[in-house]
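Below: the structure, in structure tokens.
The values are calculated or read from the model by the stated rules, or taken from the named source; none is laboratory data. Because the structure is predicted, anything quoted here is derived from the model rather than measured. Methodologically, a virtual Cβ is constructed for each residue, glycine included, from the backbone with ideal geometry; neighbour enumeration extends over all protein chains shown.
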Amino acid sequence: SCIPERIELCSNRFLAAPPVPPHFNSSNILLSLETLSLDGYFSFENNQYAAKDFGNRYHFLPSAVLHPKSVYDISSTIKHIFQMGSGSEFTVAARGHGHSLQGQAQAHRGLVINMEFLQEQEIKVCSGELPYADVSGGQLWINVLLETLRYGLTPKSWTDYLYLTVGGTLSYAGISGQAFKHGPQINNVYQLQVVTGKGEVITCSEDQNADLFYAVLGGLGQFGIITRARISLEPAPKMVKWIRVLYSDFSSFSQDQEHLIASQNSFDYIEGFVIINRTGLLNNWRSSFDPKDPIRASQFSSDGRTLYCLEMAMYFNPHDADIMNQNTERVLSELNFIPSTLFLSEVSYLEFLNRVHISERKLRAKGLWEVPHPWLNLLIPKSKIHNFAQEVFGNILNYSSNGPILIYPVNKSKWNNKTSLVTPDEDIIYLVAFLSSAAPSSTGKDGLENILTQNKRILEYCATAHLGAKQYLPHYSTQEEWRAHFGSKWQVFQKRKSAYDPFAILAPGQGIFQKGN
Ligand code: FAD
């Protein structure tokens, strides 16, 4: 059946929790954890992986890792720690795929919950009028895609990379080239099951426990652990027409991007990226794209110039190929890109969505995947994007970049403002992502310190020029900065923290609240 059973926890299992010792330092908390009777288990050694993340710069070792087999394991463990009160510094971090950047999924001397181990619920797909999938919070998006495709269905909104967990991306937003049309992933969820910082298991949605539902979406893991999510689906296309074109002028580039996102009938995916000081660019594209005009494309030289690539995709099924080609031609004819730089490709839907995995494999083979990633992600209001581009691409980064720089607008009319996500206060905002890597051998301008200095300069510019920018995947060192980040949403955020995680047990790696305060 498509009606999922509400998880009713058997209360006598809670009662079975052992008595809590009178003085709660970390070592007797650990000892008392061992006495819990669970479906899964704790590991107290060989937990180094839980002190690592994709950012590869912050390494805080936990005292234990919980490998939960059931929601009960998570709720009874947190309930047990909650019962010890606020006196100890013992904290708990849910760890999805550990692809955060600055230790956000780590818990120094605390407990990490290995969410990928939570395999209690299979992916359950319901194909009705409003199709959906019920998935574990520790499930990888690639698995959600593979399973839903078996039913001819797919989630609507994505991230560029699919080896991330559902709970991990829903704790931020989940933004990619479909977000202009469908909103981010947090706006494509019907229902959540959450274990709060008190150990309660609560089902929430727009209509049921709505405050918790909106708190958790984009909530940086502060209010509860997402153990299950009901993801909205749509019919899956079989194929994707994938297109890239270049601009040498930022104004035409951004004007065309904004023109495209204004229409629901243009493309299904719209992104873009900046190319600084690259040679032989179009030759690299030829391995996966075909130039529309091979002769003119071969005469195009990118050398030295800053270029802007608009990337678009149109979904289709083989029997609709003619209509799709006509639509594509029509929309492309409205754009002002450099004509010789039109490159096209047709790939399967799966191949398109899983495109970053191919880059991952190549980088892994060269030992360049598990390196420090000093990423910086920003949301910039449309009214300030030209100033931003001029200063950042024309001045701060004018000689090179150390990885892709994504830049694309989204229309916030599709975004639900009730979630915890913080965005600039305009209808159209740009996501700008500096996805830098610092290879171990890199020094000088490609070295880690230099990239961090560059990031700092970009942030300083945003502040001094009063751009109204917000960090996405935010990272701050002080509560003062967090307050400024949340702005008018801070009070609600703080109130929700007191309601759902009053002892600040959860997600210590975000550095927003400190246990015991
Ligand atoms: P983790 O790093 O394990 O956790 C992140 C945070 O969420 C931690 O605070 C953790 O405690 C908390 N958390 C984890 N699981 C749960 C849960 N079940 N319940 C509550 N809290 C939880 N983001 C985008 O929006 N768009 C993109 O296109 C995009 N592309 C990316 C590409 C790559 C290669 C990488 C490395 C990251 C990308 N991201 C993107 C960022 C990504 O969405 C976040 O880093 C996300 O948190 C990673 O998921 P994870 O499962 O690894 O989370």
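Has the range 152-168 got any residue that is of a type in the set (D, E, K, R) and crowded, with 24+ Cβ neighbours inside 10 Å?
In the first step, residues of the range 152-168 are kept if they are of a type in the set (D, E, K, R); the result is 156, 160.
Okay, now just the ones that are also crowded, with 24+ Cβ neighbours inside 10 Å, so none.
Checked the range 152-168: no residue is of a type in the set (D, E, K, R) and crowded, with 24+ Cβ neighbours inside 10 Å.
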Helices (runs of 4 or more DSSP H) fully within the range 240-354 counting 1 or more residues that are small (Gly, Ala, Ser) and modelled with pLDDT of 95 or more: 250-261, 321-333
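Out of Ile175, Ile202, I need the residue that is more than 12 Å from the ligand (Cβ to nearest atom) and outside the structural domain of Tyr408 (by TED's automatic domain parsing). Which one? It would help to see each step written out before you state the result.
Working: Ile175 fails: more than 12 Å from the ligand (Cβ to nearest atom).
It is Ile202.
Of these, Ser251, Ser232, Ser263, which one is surrounded by fewer than 20 Cβ atoms within 10 Å (Cβ to Cβ) and either under 22 Å from the mean Cα position of the chain (by Cα) or within 16 Å of the ligand (Cβ to nearest atom) (or both)? First the steps, then the outcome.
Working: Ser251 fails: either under 22 Å from the mean Cα position of the chain (by Cα) or within 16 Å of the ligand (Cβ to nearest atom) (or both); Ser263 fails: either under 22 Å from the mean Cα position of the chain (by Cα) or within 16 Å of the ligand (Cβ to nearest atom) (or both).
Answer to the check: Ser232.
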Set Asn46, Asn28: member being assigned to a loop (DSSP other than H, G, I, E, B) and surrounded by fewer than 19 Cβ atoms within 10 Å (Cβ to Cβ): Asn46
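Find the residue count for the range 153-172, including only residues that are more than 6 Å from the ligand (Cβ to nearest atom), outside any loop (DSSP other than H, G, I, E, B) and either over 17 Å from the mean Cα position of the chain (by Cα) or farther than 21 Å from Phe493 by Cα (or both).
The qualifying residues number 4.
When you check Asn395 against the structure, is it assigned to a helix (DSSP H, G or I), without any contact (Cβ under 8 Å) to a residue 24 or more places away in the chain, in the same structural domain as Tyr269 (by TED's automatic domain parsing) and within 27 Å of Glu426 (Cβ to Cβ), yes or no? Break it down stepwise before answering.
On the way: assigned to a helix (DSSP H, G or I): yes; without any contact (Cβ under 8 Å) to a residue 24 or more places away in the chain: yes; in the same structural domain as Tyr269 (by TED's automatic domain parsing): yes; within 27 Å of Glu426 (Cβ to Cβ): yes.
Here the answer is yes, as Asn395 does meet what is asked.
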The range 56-101 - residue that is surrounded by fewer than 21 Cβ atoms within 10 Å (Cβ to Cβ) and of a type in the set (S, T, N, Q) and, of those, modelled with the lowest pLDDT: Ser86
Search result, residues across the range 279-304 that are over 31 Å from the mean Cα position of the chain (by Cα) and in contact (Cβ under 8 Å) with a residue 40 or more places away in the chain: Pro291, Lys292, Asp293, Arg296, Ala297, Gln299, Phe300, Ser302
Subset of the range 456-481 [buried (at least 16 other Cβ atoms within 10 Å of the Cβ) and of a type in the set (S, T, N, Q)]: Gln471
Complete set of residues in the range 31-72 that are of a type in the set (Asp, Glu) and without any contact (Cβ under 8 Å) to a residue 12 or more places away in the chain: Glu34, Glu45
Inter-residue pairs, beta-carbon under 7 Å, first under 17 Å from Gln185 (Cβ atoms) and in the range 201-229, second more than 10 Å from the ligand (Cβ to nearest atom) and of a type in the set (Lys, Arg), 6+ apart: Tyr214/Lys418; Ala215/Arg496
Neighbours by Cβ (under 7 Å, 6+ apart or cross-chain): first from the range 85-96, within 10 Å of Leu111 (Cβ to Cβ) and in the same structural domain as Asp73 (by TED's automatic domain parsing); second small (Gly, Ala, Ser) and surrounded by fewer than 17 Cβ atoms within 10 Å (Cβ to Cβ): Phe90/Ser26
